[in-house]
1. For the chain, which longest stretch is free of loop sites, where a loop site is one of the trypsin sites (Lys or Arg not before Pro) that DSSP puts outside H, G, I, E and B and that has at most 11 other Cβ atoms within 10 Å?
2. Let me know the whole percent of all Cα-Cα pairs from the range 3-67 that are separated by more than 12 Å.
3. Suppose we flag GluC sites (Glu not before Pro) only when DSSP calls them loop and at most 11 other Cβ atoms lie within 10 Å. Which is the longest uninterrupted stretch of the chain?
4. For the chain, what does -39500 (n - 2.57) per DSSP helix run (n ≥ 4), summed and divided by total residues, give at 222 nm, in deg cm²/dmol to the nearest 500?
5. Treating the angle as unsigned and between 0 and 90°, give the value, to the nearest 10°, between the Cα long axis of helix 18-33 and the longest Cα principal axis of the chain.
6. Send over the per residue convex hull volume for the chain, Cα only, as a whole number of Å³.
7. Please compute the contact order of the chain in relative form: average sequence separation of alpha-carbon pairs under 8 Å and at least six residues apart, divided by the residue count, as a percent.
8. Determine the shape class of the range 78-152: with a ≥ b ≥ c the square roots of the Cα gyration tensor eigenvalues, call it rounded for a/c under 1.5, and otherwise prolate if a/b is greater than b/c, oblate otherwise.
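Throughout, read-outs are computed from the coordinates displayed, never taken from laboratory work. Please read these numbers as outputs of a predicted model, since none were measured by experiment. Cβ placement follows ideal geometry from the backbone for every residue including glycine, while neighbour counts extend to all protein chains displayed.
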Amino acid sequence: MNAIQKLRQLVGEVNKGPASAMQAWPVVTRLLSRMPLDAAEVSRVCEARDAVGLDVLVTRLENPGAAAEPGVDPAVAAVTEEEMKSALRAFNKRLKLGRLADESRLGGRYTSGGRESKIDAILPPDEFAEPVWKALVAAGKLKYTGNGFYAPAD
């Protein structure tokens, strides 16, 4: 078994669950540091324990001739329209509920103040991975406002 095959096996272990991932990441870090890859990207994936990024790096090692478009993250390109629609629906629900909760806060009296919410960006729902949100930004549906917050594009 060569190093690339071992990395592919470790990708499977990382995706199994937290216990096997905990044991696999040190080996992954050691093997990736010896591969002909961008050191900054390798350290980012290993420090963040990014399973999707690890899969992308191993795929890049397996197919060195198949270069993707420059500037396009392969994980973002792999997001389907169905995932984007579902994520955007969840984002809009979360934003609507956050605004509603902010507007319905009670003040010093028994009724709400009737003021409009000033919430314009939120942290996206956790049930969708980061590449899904980046794909929505690339599609022009959302706008990244910094520090992990996203806002509607309009």
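1. By the stated rule (loop sites, at most 11 other Cβ atoms within 10 Å), 35-104.
2. Distances greater than 12 Å cover 65 percent of the Cα pairs.
3. 1-115
4. When only DSSP H runs of four or more count, the value is -18000 deg cm²/dmol.
5. Helix 18-33 and the main axis of the chain meet at about 60 degrees.
6. Cα convex hull per residue, to the nearest whole number: 156 Å³.
7. 15 percent
8. prolate
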